[in-house]
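Some notes on the structure that comes next.
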């Protein structure tokens with residue numbers, strides 16, 4: 001938590017840690033001077049999977065405000081939250097650059113087989129020069145497809161374009177005027193999937209996108225294509241992805257998000273050399289996490305005071 005956040009929060013709230021059934025609630029916060037209770041989610045480590053479910057809400061009958069340290073809200077029991085009229089603060093925009101940077105880093109690490117290279121050096125596999133040893137795929141002259149050209153999607157595209165990308169395709173609900181900045185071509189999803197050398201998923205998780213990347217999706221990709229997902233784990237059918245990777249249907253994949261999180265250490269995807277999995281660290285820079293914590297604290301205090309939050313989720 002940033003120093004500013006540490007200064008702000010104790011003026012209004014105290015931190016509570018308690019067990020509810022088999023779950024440890026590590027982020028409940030209550031006002032010092034009466035009124036409704038609030039919850040900060042994502043700021044503190046604890047014995048929880050990070051999901052706010054109905055039992056958590058029932059443990060705080062006077063709950064009025066939730067402040068989540070995230071841009072997504074699929075980890076919350078939104079139906080119950082809506083029913084109870086609980087206000088929700090979140091942290092959009094501030095993690096755009098960090099997530100875009102991580103996406104590009106993951107794409108390069110996956111396509112150029114950096115994790116494999118590190119392992120070979122450490123294990124003594126680096127011997128005489130071999131022409132095709134650890135060869136991967138380059139961005140220069142390639143076609144990149146971005147699924148979801150929102151704030152993060154366009155930030156990714158801006159960073160990829162200078163690598164000499166020949167075509168930048170994107171798909172989504174509507175064409176975006178700002179896509180002209182990166183010479184983006186708005187195309188149907190099937191066209192993007194079949195023509196792209198790199199497919200980058202950066203869309204929101206909705207009923208329409210859940211399981212979007214499935215067997216049919218991967219069957220349309222080139223067998224030399226690189227698949228990257230930094231959006232939400234549930235957008236991908238992981239069993240279908242495993243089959244596509246293990247059979248050579250696609251070349252490789254890089255994931256910063258999975259289902260579940262953490263991904264079990266015995267998960268089949270972790271047995272594959274051509275699958276790079278990160279522990280959901282898209283926004284993990286010191287500066288970004290500090291800004292997120294401060295925004296989360298300010299959302300919390302505004303909710304307590306009954307004023308407009310800097311970033312309130314509208315539903």
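Residue 265 versus (1) over 24 Å from residue 194 (Cα atoms); (2) assigned by the TED database to the domain that holds residue 108; (3) outside any loop (DSSP other than H, G, I, E, B): which is the lone unmet condition?
Residue 265 satisfies every listed condition except (3).
Within region 113-162, track down each residue that is outside any helix (DSSP H, G or I), over 22 Å from the mean Cα position of the chain (by Cα) and surrounded by 15 or more Cβ atoms within 10 Å (Cβ to Cβ).
Answer for region 113-162, where residues must be outside any helix (DSSP H, G or I), over 22 Å from the mean Cα position of the chain (by Cα) and surrounded by 15 or more Cβ atoms within 10 Å (Cβ to Cβ): 136, 137, 139, 142, 143.
Determine whether residue 205 is in contact with a strand residue (DSSP E or B) (Cβ under 7 Å, 6 or more places away or on another chain) and surrounded by 15 or more Cβ atoms within 10 Å (Cβ to Cβ).
When the stated conditions are applied, residue 205 does not pass them.
State yes or no: is residue 104 modelled with pLDDT of 95 or more, more than 23 Å from residue 231 (Cβ to Cβ), in the same structural domain as residue 151 (by the TED database) and part of a helix (DSSP H, G or I)?
In short, no.
Only one of 258, 271, 307 is loosely packed, with under 15 Cβ neighbours inside 10 Å and outside the structural domain of residue 79 (by the TED database). Can you tell me which?
On inspection, the qualifying residue turns out to be 271.
Which of the residues belonging to region 223-248 are touching a residue at least 60 places away in the same chain (Cβ under 8 Å) and either part of a loop (DSSP other than H, G, I, E, B) or surrounded by fewer than 21 Cβ atoms within 10 Å (Cβ to Cβ) (or both)?
Across region 223-248, the qualifying residues are 224, 230, 231, 232, 234.
The values are calculated or read from the model by the stated rules, or taken from the named source; none is laboratory data. All values reported here derive from a predicted model rather than from experimental measurement. Quick reminder, even Gly has a Cβ in these numbers, built from the backbone with ideal geometry, and neighbours come from all protein chains shown.
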